[in-house]
Amino acid sequence: MKLLRHGSRGQERPGALDRDGQIRDLSLLVPDFTPDWMSPEKLAALAAIDLKRMPLVAAGTRLGAPVAGIRQFVAIGLNYRKHAEEAGLEIPKEPVVFTKALTSIGGPNDDIAMPIGSVAMDWEIELGFVIGSTARQVPVGQALQHVAGYCVANDVSERDWQIKRNGQWGKGKSFDGFGPIGPWLLTADELPDPQTLPLELKVNGMVRQSSSTADQIFPVAEVVSYLSQFMTLLPGDLVITGTPAGVGQGMKPPCFLNRGDVMELSAGPLGTQRQRVI
Ligand code: ZN
């Protein structure tokens, strides 16, 4: 199932994409896709809905992030060999973990304001996933049972703030709008193997990143298991799993975003995003 949230910012309602690619409103049945709706039981109940009987939502309606009330936004760094190389950093022996501010979360096609003082705004397409059931010290073999579904994410980054302003990466990753999520959450039952997804990101029509989640150093199951050794993952938690090579910082010379630039992201069955820098 492709779960989404439609409507203006802060007023989003739950919905789903039907087999014809049309948005159906589910707000008569579900208050919102809050963390409790990510449980296996609730997802099974949602899957039983006959979407054809639900009201149609007008094409072109804004989409928000597909999950509401996210409590943790965790990110993995340097999870593709070539990206670690282009960043001039060692290939990690264990996953690099950082967090993004929850206030960075945005809709998949929202404009992104370049922060005042930003000189090195960059793009990062990533596979994201949402936790469905509490995960605490889970083995790799059981890890995917805790994933509710998958989504596209853009880990927008201000490289000077990330790297040159001392301390941790979070400063460069957390500005408002720096975490577009969606367009939908593809429930895990429809993606038994998350390591086969194509990832492509274009800037102003030029392909900058083109890869596959098959190239991840630490696949999703290992990421879930690893994180759960250090923290309890809660239903609704959002995790993004690192970006492949092709970011602006890795170009020679580096190339960063300007106002007016357009990023277009696609990841097969996870859908597409489009953001304009303003
Ligand atoms: Zn990233």
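Overview of values
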{"item": "Acute angle (nearest 10 degrees) that the helix 220-230 long axis makes with the longest principal axis of the chain, alpha-carbon atoms", "result": "80 degrees"}
{"item": "Spatial separation of Cα centroids for the range 210-278 and the range 6-67, in angstrom", "result": "24 Å"}
{"item": "Inter-label distance, nm, simple model (7 Å from Cα along the C-beta direction), residue 50/residue 140", "result": "4.5 nm"}
{"item": "Volume in Å³ per residue [convex hull over Cα atoms, computed for the chain]", "result": "119 Å³"}
{"item": "Low-density loop cleavage sites - trypsin sites (Lys or Arg not before Pro) in the range 162-227, where at most 16 other Cβ are within 10 Å (DSSP)", "result": "165"}
{"item": "Relative contact order, percent, the range 235-276 [alpha-carbon distance under 8 Å, six or more residues apart]", "result": "24 percent"}
{"item": "Sum of -39500 (n - 2.57) over DSSP H runs of 4+, divided by residues of the chain (222 nm, nearest 500)", "result": "-3000 deg cm²/dmol"}
{"item": "Spin-label model distance (nm) - residue 230 vs residue 82, 7 Å beyond Cα toward Cβ", "result": "2.7 nm"}
{"item": "Accessible carbon and sulfur surface of the chain relative to its total accessible area, %, 1.4 Å", "result": "53 percent"}
{"item": "Length-normalised contact order for the range 1-158 - Cα pairs under 8 Å, 6+ apart - percent", "result": "20 percent"}
{"item": "Whole-number Å³ per residue for the convex hull built on Cα positions in the range 180-253", "result": "138 Å³"}
{"item": "Relative contact order %, the range 152-260, counting alpha carbon pairs below 8 Å whose residues are six or more apart", "result": "18 percent"}
{"item": "Out-of-range pairs (alpha-carbon distance over 28 Å; input 42/202; 173/202; 93/164; 42/173; 93/202; 2/252)", "result": "42/202; 42/173; 93/202; 2/252"}
{"item": "Gaussian network model of the chain, springs between alpha carbon atoms under 10 Å - residue of 204, 166, 258 with greatest fluctuation", "result": "166"}
{"item": "Computed label-point distance, nm, for sites residue 195 and residue 58 using a 7 Å Cα→Cβ extension", "result": "4.6 nm"}
{"item": "Ratio Rg/Rh, restricted to the range 138-278 and using Cα atoms, in which Rh is the Kirkwood radius", "result": "0.97"}
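The values are calculated or read from the model by the stated rules, or taken from the named source; none is laboratory data. Values in this document were obtained by computation on a predicted structure and should not be read as measured data. Quick reminder, even Gly has a Cβ in these numbers, built from the backbone with ideal geometry, and neighbours come from all protein chains shown. In case anyone asks, the SASA skips ligands and DNA or RNA and just uses the protein heavy atoms, side chains included. Shrake-Rupley method; radii C 1.70, N 1.55, O 1.52, S 1.80 Å.
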